[in-house]
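Undergrad: I'd like to ask you about the structure that follows.
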Amino acid sequence: MNTITRIFIPLLILGICIISYGQTKEIDSVNIDSMEPELASQTYKNEQIEKLKKQKENVEKQEREYLKEDIEKINQQLDSGEITAEQAENLKKEAAAKRAANIADKLAIIDKQIAIYQRTEKVYQASMPGSEDDQTIIRIGGDDNTSESFIYIGKKHDDKPRKYDRRTTEDIVFAIGFNNALIDGQSLNDSPYKLGGSGFVELGYAWKTRLFVNTNFWRVKYGFSFQWNKFDLKDNMFLVNNNDQIELQEFSIDLDKAKFRTTNLVFPLHLELGPSKKIERDNYFRYSTRNQLKIGLGGYAGLNIGSRQKLKYKEGGERVKDKQKGGFEVSEFVYGLSGYLAWGGTALYVKYDLNPLFKDQTFDQNTISLGLRFDMD
């Protein structure tokens, strides 16, 4: 996770610097501050009038996009049997009339703004470049009423058309909890790994897609995750590779710590079900699972990308840290079952590896994990 942080934060800062630099150059190119007050005022006024004229060119285009979304919504109601063909035709005519009226009203408003600029002698002191519409913003997270999640860096565009129906959303997945191994004929208390000291961490990214057009009860969730499974060995035991067979042996002196860890890259797939709230607006609708019960059932498959054992002990009065990477004959292909029971963005999470922990071992053992999962949607 430290590596991810070291990579992501500099990239984020670099993006901010690039955007900020671009804005500075754009403002400097006008070089208003170096002009005489009257010339600066006239120059800035002309710029604002040109911007308003460009807005007039975009008004009709935007309203046509909105009209397409209105018609799409009406067609969906027609396909689902909520309205008749005659009602659909009338609704389309009303939508067209509404958008035509919007075009006329917006153009009239812009014309009035242009007229105000033209009648005003000095506007430089009252209105400076870099107004609210030109601000660069950093937004992390989505609409409070929906399950959308995003990171956005750029200029503020409140008038950007919103996608009418967003069937696929995405979010960050983070899970943490206890880890151990199930061994044939033994209980967890007899496991060679400590119950409290063994744990797992999972970090990934997931997409969630609604399966049906008119209901959000069934969803499929998929993505990728990094899983770190740690085992804290007890009874002064450690793992030994004996001719490619993994065995537990007692260490020759007292161990302070003996830990074994595997790192996996997996691709989970879950069928998620549960109620949701439908939020309808004039030009879009969303399904929200916020503060709703969710059940996810599925599994995962992937690859082991690393393993290591760390031993800490004292020898001759000196503290020794012995780190051993690789050579533990762990199963290269990882696959298993997983599920979660969630309320909102927090879930009780369980996963079980169907593959054995080691390819060759004196006793079969399979990793099992139980913890909390936080899907930031």
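Undergrad: With respect to the numbered conditions (1) modelled with pLDDT of 85 or more; (2) open to solvent by less than 40 Å² (accessible area, probe 1.4 Å); (3) assigned to a helix (DSSP H, G or I), which one is the sole condition not fulfilled by Ile83?
TA: The one condition Ile83 does not meet is (3).
Undergrad: Okay, next question. Across segment 184-236, which residue is nearest to Lys259 (Cα to Cα) among those that are in a strand (DSSP E or B) and in contact with a helix residue (DSSP H, G or I) (Cβ under 9 Å, 6 or more places away or on another chain)? Give the steps one after another, and end with the answer.
TA: Looking only at segment 184-236, we keep the residues that are in a strand (DSSP E or B), and these are 193, 199-210, 218-233.
So of that shortlist, the ones also in contact with a helix residue (DSSP H, G or I) (Cβ under 9 Å, 6 or more places away or on another chain) come out as 203, 226.
On the way: Leu203: 21, Phe226: 19 Å.
It comes out as Phe226.
Undergrad: Just to verify a result, which residue in segment 349-367, among those that are of a type in the set (A, V, I, L, M) and either surrounded by fewer than 18 Cβ atoms within 10 Å (Cβ to Cβ) or modelled with pLDDT of 95 or more (or both), is farthest from the chain's Cα centre (by Cα)? Step through it out loud before you land on a result.
TA: From segment 349-367, those of a type in the set (A, V, I, L, M) are 350, 354, 357; that's our starting set.
Adding the requirement that they be either surrounded by fewer than 18 Cβ atoms within 10 Å (Cβ to Cβ) or modelled with pLDDT of 95 or more (or both) leaves 350, 354.
Values: Val350: 21, Leu354: 28 Å.
In this case the residue turns out to be Leu354.
Undergrad: What residue, of Ile137, Ile176, Ile153, is touching a helix residue (DSSP H, G or I) at 6+ places or on another chain (Cβ under 7 Å) and either in a strand (DSSP E or B) or modelled with pLDDT of 85 or more (or both)?
TA: Just one listed residue meets the conditions, Ile153.
Undergrad: Just need a number here: residues in segment 321-338 that are in contact (Cβ under 8 Å) with a residue 24 or more places away in the chain and under 12 Å from Val240 (Cα atoms).
TA: Adding up the residues that qualify gives 3.
Okay, residues lined up against (1) over 28 Å from the mean Cα position of the chain (by Cα); (2) closer than 30 Å to Ile74 by Cα; (3) surrounded by 19 or more Cβ atoms within 10 Å (Cβ to Cβ):
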{"position": "Asn264", "(1), (2), (3)": "no, no, yes"}
{"position": "Gly316", "(1), (2), (3)": "yes, no, no"}
{"position": "Lys325", "(1), (2), (3)": "yes, no, no"}
{"position": "Phe333", "(1), (2), (3)": "no, no, no"}
{"position": "Ala347", "(1), (2), (3)": "no, no, yes"}
{"position": "Ser369", "(1), (2), (3)": "no, no, yes"}
{"position": "Asp375", "(1), (2), (3)": "no, no, yes"}
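Undergrad: A follow-up question, please. With in contact with a Phe, Trp or Tyr (Cβ under 6 Å, 6 or more places away or on another chain) and either open to solvent by less than 30 Å² (accessible area, probe 1.4 Å) or among the hydroxyl-bearing types (Ser, Thr, Tyr) (or both) as the only criterion, which of Gly306, Gly302 stands out?
TA: Matching residue, one of Gly306, Gly302: Gly302.
The values are calculated or read from the model by the stated rules, or taken from the named source; none is laboratory data. The structure displayed is predicted, hence computed values, not measured ones. Virtual Cβ from ideal backbone geometry, glycine too; neighbours counted across all protein chains shown. Heads up: the accessible areas ignore ligands, DNA and RNA and are worked out on the full protein's heavy atoms, side chains in. Shrake-Rupley method; radii C 1.70, N 1.55, O 1.52, S 1.80 Å.
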